[in-house]
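Asks: Questions regarding the structure given below will be posed in turn.
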Amino acid sequence: MPDTAAPAAALLAQLADIVGPAGLLTDPADTAPYAEDWRRLYHGRTGAVVRPASTAQLAAVVAACAAARVALVPQGGNTSMVGGAVPAEDGSELVLSLSRMNRVRAVDAVDQTLTIEAGATLKAAQDAAEAAGCLLPLSIGSEGTAQVGGILSTNAGGNNTVRYGNARDLVLGLEVVLPDGQVWNGLRRLRKDNTGYCLRQLFVGAEGTLGVIAAAVLKLVPRPAQSEVALCAVASPEAALALFTRFHRHDPASVNAFEYMSGLGMDFVLKHIPGAVLPLAARAEHYALIDLATPRPGADLRAMLEAVLEAALEAGEMADAVVAESAAQRAAIWRLREEHSEAQKREGASIKNDVSVPVSRVPELIRRATAACEALLPGIRVVPFGHMGDGNIHFNLEQPVDMAASAFLARDHAIMDTVCAVVRDLDGSFSAEHGVGKLKPYMMPDWRGGAELALMRAIKRAIDPAGLMNPGKVLP
Ligand code: 2HG
Ligand code: ZN
């Protein structure tokens, strides 16, 4: 196919001048990995991947592309679940990779802040915090690959939301390159700063549609002195919720994570993930993972965990439990949870629903959405799991064993709509932590229509009037 949408040679030459030879990829063999998502749901094309190494270079790149009216797709670790970082199929958009902007600019153990560039991985950010004796309390399965800019642009949640909130709650300041190439330096590290509209929160969760996050000041917390992890077999989602409530009432400040997993999801992990072993005596239909942590050196967290588990056992909320005895066992239990996405991928085609409901309604969500999906497509395999403690369940569906993957995936909207009808009825959201991306803008008018969508469009027009920042994402 002739590449009519290819970027002009003059623009490419200008970009090469700005970022140097190492900063510009144009060979299709080099750009291809940046043009599709890791789930391989979207296959875009791009004439170039631009990789600036500093905010000054980034600003010059954005300004040059704005002058040439060429659209940009900011990309971090490319771990989006919703195609949020994939360029369009027509090859007209350039990918802006932040990976070379990965420096730690400052860590302050008194202020408990980390100033870091967008292209650093979340793991590198966690390590920088740890080296200063602090903790960056954000943890997601893809943290070795996902980058700070992407985490903030999607307002990632992850495992510790129940204790520390989402990415949004950890941002004190931002440096942003606006769609015309101006740099907004909002890298303040103040805990109080009431000076008009909170601009940084506009860019958090905007999925790159309003500008490019170049660097951020993140909040840190004291490192835990003790942590404990337990895996429990529970009889039902209701029992899992009762267990969560018991722990949370006992000491909300120590509940770092409370995760739910279904029996089938665990079966997939045990089947597909090398070395995965169930540390309980028998398989269960439902599991809960509890992660407790405290910075208080004198607190006897283990005694507290065992006392609460014993009370839960007596109350019938839990059938069996194993408490990790070492850091290696804690990691092994967490691995059973973290490998759910990979195991589902290896089992076959899956359709993801990253949804949230009020915490109290999670069991009802699991029951009703399961029944609705099984009625829609007999043989469908329901694999709900996730962050029960904050109400975010990944209500994922695996293809029926006797159905072709393509036929199953062709039903994606019908299946998503079936789950979302239940979510809506329970006052939930169709996108909890993965964002809207390219997968879900069609849902926006229905869920966020009226004044809400009109306001979002007005903000988009005001900040990116030419529509050059990550087109086709978030807004329909
Ligand atoms: C997780 O919680 C991620 O593991 C991925 O958000 C969820 O694969 C998924 O659907
Ligand atoms: Zn998740």
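The values are calculated or read from the model by the stated rules, or taken from the named source; none is laboratory data. It should be emphasised that the depicted structure is a prediction, and the values quoted were computed from it without experimental measurement. Every residue, glycine as well, gets a Cβ built from its backbone with ideal geometry; the counts of neighbours run over all protein chains shown. Ligands, DNA and RNA are excluded from the accessible area calculation, which covers all protein heavy atoms including side chains. Shrake-Rupley method; radii C 1.70, N 1.55, O 1.52, S 1.80 Å.
Asks: How much length is gained on full extension from ALA375 to ALA10, taking 0.36 nm per residue of separation minus their Cα-Cα distance?
Replies: Once the chain is fully extended between ALA375 and ALA10, it gains 125.7 nm.
Asks: On the accessible surface of region 55-169, probed at 1.4 Å, how many percent belong to carbon and sulfur atoms?
Replies: C and S fraction of accessible area: 49 percent.
Asks: Could you tell me the calculated FRET efficiency between ASP17 and ARG424, based on Cβ-Cβ distance and R0 = 45 angstrom, to the nearest 0.05?
Replies: Once the sixth-power term is evaluated, E becomes 0.30.
Asks: Quick one: which residues, 5 or more positions from ASN396 or on another chain, have an amide H under 5 Å from its amide H? H modelled 1.01 Å from N in the peptide plane, none for Pro or chain starts.
Replies: ASN353, VAL383, PHE385
Asks: What residues from region 37-71 fall in the zone where the backbone N is under 15 Å from a label point 7 Å along the Cα-to-C-beta line of ARG105?
Replies: It comes to 53-59, nothing else.
Asks: Also, quick follow-up: Around ILE351, what is the net charge, scoring Lys/Arg as +1 and Asp/Glu as -1 over all other residues with Cβ under 9 Å from its Cβ?
Replies: Details: positive: LYS352, ARG411; negative: GLU398, ASP412.
Its environment carries a net charge of 0.
Asks: Based on DSSP H runs of at least 4 residues, each adding -39500 (n - 2.57), what is the mean residue ellipticity at 222 nm of the chain after dividing by all its residues, to the nearest 500 deg cm²/dmol?
Replies: Taking each H run of at least 4 residues, the total per residue is -10000 deg cm²/dmol.
Asks: Send over a whole-number figure in Å² for the accessible area per residue of region 350-413, probe 1.4 Å.
Replies: On a per-residue basis, 35 Å².
Asks: Relative contact order of the chain, please, whole-number percent, based on alpha carbon pairs below 8 angstrom and at least 6 residues apart.
Replies: Relative contact order for the chain comes out at 15 percent.
Asks: Once you place label points 7 Å from the Cα toward the Cβ at GLU238 and LEU409, how far apart are they in nm?
Replies: 3.9
Asks: Can you give the relative contact order of region 297-450 as a percent, counting alpha carbon pairs under 8 Å and 6+ residues apart?
Replies: Relative contact order of region 297-450: 25 percent.
Asks: Return the carbon/sulfur percentage of the accessible area of region 382-425, one whole number, probe 1.4 Å, all protein chains in place.
Replies: 54
Asks: Could you pull out the trypsin sites (Lys or Arg not before Pro) across region 1-75 that fall in loop regions by DSSP (anything but H, G, I, E, B) with no more than 15 other Cβ atoms inside 10 Å?
Replies: Sites meeting the loop and neighbour criteria: ARG40, ARG69.
Asks: With a 1.4 Å probe and all protein chains left in place, how much accessible area per residue does region 38-112 have, in Å²?
Replies: 37
Asks: Using 0.36 nm per residue of separation minus the Cα-Cα distance, give me the extension gain between LEU264 and VAL183 in nm, one decimal.
Replies: Using 0.36 nm per residue and subtracting the Cα-Cα distance, I get 24.3 nm.
Asks: Any idea what the relative contact order of region 1-83 is, in percent, if you count C-alpha pairs under 8 Å spaced at least 6 apart?
Replies: 34
Asks: Considering only PHE395, ALA328, VAL212, whose Cα is most displaced toward the positive end of the charge dipole of the chain, charges sitting on Cβ of Lys, Arg (+1) and Asp, Glu (-1)?
Replies: Among PHE395, ALA328, VAL212, the one farthest towards the positive end of the dipole of the chain is VAL212.
Asks: How much net charge surrounds ALA225 when only the other residues with a Cβ under 13 Å from the Cβ of ALA225 are counted, with Lys and Arg +1 and Asp and Glu -1? Let's see the in-between values first.
Replies: Numbers: positive: ARG223, ARG296, ARG302; negative: GLU228, ASP300.
Combined, the nearby Lys, Arg, Asp and Glu give +1.
Asks: If I take R0 = 22 Å and measure r between the Cβ atoms of ASP417 and LEU453 in this structure, what FRET efficiency does the formula 1/(1 + (r/R0)^6) give, to the nearest 0.05?
Replies: 0.75
Asks: Please give the charge dipole size of region 327-476, origin at the Cα centre, charges +1 on K and R Cβ atoms and -1 on D and E Cβ atoms. Round to the nearest 20 debye.
Replies: 320
Asks: When only DSSP loop residues count, what chymotrypsin sites (Phe, Trp or Tyr not before Pro) in region 171-260 have their Cβ near at most 12 other Cβ atoms within 10 Å?
Replies: Answer by residue number: TYR197.
Asks: Then there is this: Subtracting the Cα-Cα distance from 0.36 nm times the residue separation, let me have the gained length for ARG191 to ASP251 in nm, one decimal.
Replies: 19.1 nm
Asks: Go through region 281-375 and name the trypsin sites (Lys or Arg not before Pro) that are in a DSSP coil and have 12 or fewer other Cβ atoms within 10 Å of their Cβ.
Replies: In loop regions of region 281-375 (DSSP not H, G, I, E or B), the sparsely surrounded trypsin sites (Lys or Arg not before Pro) are ARG283.
Asks: How are the C-alpha pair distances of the chain spread across 10 Å bins, as whole percents from the shortest bin up?
Replies: 4, 20, 29, 26, 16, 5, 1, 0
Asks: Set the Förster radius R0 to 25 Å, insert the Cβ-Cβ distance between GLU306 and GLU130 as r into 1/(1 + (r/R0)^6), and round the FRET efficiency to 0.05. Don't skip to the answer; put the middle values down first.
Replies: Details: r = 28 Å, r/R0 = 1.12.
With a Förster radius of 25 Å, E is 0.35.
Asks: In nm, give the distance between the simple-model label positions of ALA462 and ARG346, each being 7 Å from the Cα along the Cα-to-Cβ direction.
Replies: Label at ALA462, label at ARG346, 5.0 nm between them.
Asks: I'd like to know how region 1-109 sits against the 2.2 N^0.38 Å rule of thumb: what's its Cα Rg over that expected value?
Replies: Working: Rg = 14.1 Å, N = 109, 2.2 N^0.38 = 13.1 Å.
This ratio for region 1-109 stands at 1.08.
Asks: Under 37 °C and 0.692 mPa s, how fast does region 420-459 diffuse according to Stokes-Einstein, given a Kirkwood radius computed over C-alpha pairs? Answer in µm²/s, whole number.
Replies: My calculation gives 299 µm²/s for D.
Asks: Lysine pairs in the chain with Cα distance under 17 Å, only those 8 or more apart or on different chains: how many are there?
Replies: 9
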